[in-house]
Each structure stands twice: as structure tokens, then as C-alpha cells.
1. Just wondering, is there one or more residues in the range 124-134 that are of a type outside the set (G, A, S), within 30 Å of D59 (Cα to Cα) and at pLDDT below 85?
2. If I go through the range 17-47 residue by residue, how many of them are without any contact (Cβ under 8 Å) to a residue 24 or more places away in the chain and open to solvent by less than 40 Å² (accessible area, probe 1.4 Å)?
Amino acid sequence: MAEETETEKPLFSPADVSLHASTKDCWVVIHGKVYDVTKFLEDHPGGEDVLLHASASGDATEAFEDVGHSTSAISMMSSYLIGSIEDYVPRSTSKDATVGGSNVLPNSRTMQRNKGSPAPNTFLDFVLPLCMLVLAFAAWYYLTFMAES
């Protein structure tokens, strides 16, 4: 089932991890690392169903990155780390997606790089606040000078 590494964390096969997808025993794979999140199921802000689904789907890396977790959530991961996946190969071959290949947990800077560029600003992003400012000024002017007469 597992063999020891230099860091004393065992290696698991995907088949080993798939046996742990219940509320009483839930393991999740993120960036090739195996986390036992059984004790965290009830405390997960997204609910236990999210973690159970991630556990049953195999590699939860993409789902984890899509949500965008806080730095405190990412720092909590190390306490649930129990091992790694044997011969883990990241799904993406990009340089940023190889975080799981090292012994480094994903961090907020890595997570932000994987998000892509933000949406471009549109014309309404500039015009709408300007219209609100003009409307506020017109209301002030009317109430200050015109309403008195």
C-alpha cells in the first residue's frame, strides 16, 4: 500500500486513495499530495459534500485551484498531509502547474499565477461612476440653491 520516503511520508497509488472517499475516511489529492481531511469535513466552509466529491473524483487539484483558497486555508493543508501519489504527473505541462512535483505546498502566489489575467476594463467601468458623480452633484446643487426659492 505505501512505501516510506526520505521525509517519512508514504507513497500511495491512486487506487489506494480511491478507497478513502467516505465521511468516516476521506482523503483528497491536490498537486500530487495526499491529505486526510476526515477531521476537517464538518469545518470546511464549502461543506463536506465538496470534499467528498473531490475525494471521489480522484485528483482534486483543478477544483482546488478554481475556488481560490485563502492563505490561511493553504497553510492549514500541511497539518492534513499524509503522503504523496506514486509517479504523480501533473495534468498541465506548464511550468506553473508543476508545484506538485516538488515538496512545496501550493501558496497564494502560485495560485494567483494560475488564475489568468483579469477581465479587461470596459467603457461602462468609467462612465457609470462618472454619471453617478454628476447625478450626485446635480442633486446637491438643486437642493442647495433651487429648493430655497
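The values are calculated or read from the model by the stated rules, or taken from the named source; none is laboratory data. As the structure is a prediction and not an experimental result, all values here were calculated from the model. Note that each Cβ is placed from the backbone with ideal geometry, even for glycine, and that neighbours are counted across all protein chains shown. Note: areas computed on protein heavy atoms with side chains; ligands, DNA, RNA excluded. Shrake-Rupley method; radii C 1.70, N 1.55, O 1.52, S 1.80 Å.
1. no
2. Qualifying residue count for the region: 4.
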